[in-house]
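Take a look at the structure set out below.
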Amino acid sequence: RRGLDNAYHLHFCPRCELRLARLARLTSLLRAFPEAMMLLKGIYAAVRGVVTTLCLLVVMLFIFGLIFKSQALENQALADRYFSSLFHSMWSLFMHATLLDGPSLVYL
């Protein structure tokens with residue numbers, strides 16, 4: 001019984017009250033500037049598409065990294081330079097195929 005009485009007693013720390021005050025101030029600030037709220041909603045909506053695209057890119061790099069690593073075994077110099085491991089294969093494909101030729105010059 002004693003444990004149940006303590007379970008319903010709420011403890012507020014000063015830091016929690018400060019956090020609530022900051023949150024209240026932030027919501028009033030967003031109400032005062034509806035453009036900021038619209039910007040945040042746009043960023044939130046765009047995050048889903050960006051994350052989906054990045055996941056698709058990683059999957060494609062993984063698949064083609066496996067293919068290129070297995071095909072590069074015939075040419076040992078090529079395998080050692082670009083496709084020595086799966087991660088190195090994915091990194092090489094990302095630098096040379098995805099980012100085109102700008103960053104690949106720095107990578108070499």
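Just need a number here: residues in region 68-93 that are not in a helix (DSSP H, G or I) and not hydrophobic (A, V, I, L, M, F, W, C). Show your work before the answer.
Going through region 68-93, the residues not in a helix (DSSP H, G or I) turn out to be 75, 83-85.
Now restrict to residues that are not hydrophobic (A, V, I, L, M, F, W, C): 75, 84-85.
Number of matching residues: 3.
Name every residue in region 24-49 that is among the hydrophobic types (A, V, I, L, M, F, W, C), open to solvent by 80 Å² or more (accessible area, probe 1.4 Å) and assigned to a helix (DSSP H, G or I), in order of residue number.
First, pick out the residues of region 24-49 that are among the hydrophobic types (A, V, I, L, M, F, W, C): 24, 26, 29-30, 32-33, 36-40, 43, 45-47.
Those left that are additionally open to solvent by 80 Å² or more (accessible area, probe 1.4 Å): 26, 29, 33, 38-40, 43.
Result: L26, L29, M38, L39, L40, I43.
Checked against (1) of a type outside the set (F, W, Y); (2) surrounded by fewer than 13 Cβ atoms within 10 Å (Cβ to Cβ); (3) over 21 Å from the mean Cα position of the chain (by Cα); (4) modelled with pLDDT of 90 or more, N75 meets all criteria but (4).
The values are calculated or read from the model by the stated rules, or taken from the named source; none is laboratory data. If you're wondering where the values come from, they're calculated on a predicted model, not measured in any experiment. Positions of Cβ are backbone-derived with ideal geometry, glycine not excepted, and every protein chain shown enters the neighbour counts. Areas reflect the complete protein model, heavy atoms only, side chains present, ligands, DNA and RNA absent. Shrake-Rupley method; radii C 1.70, N 1.55, O 1.52, S 1.80 Å.
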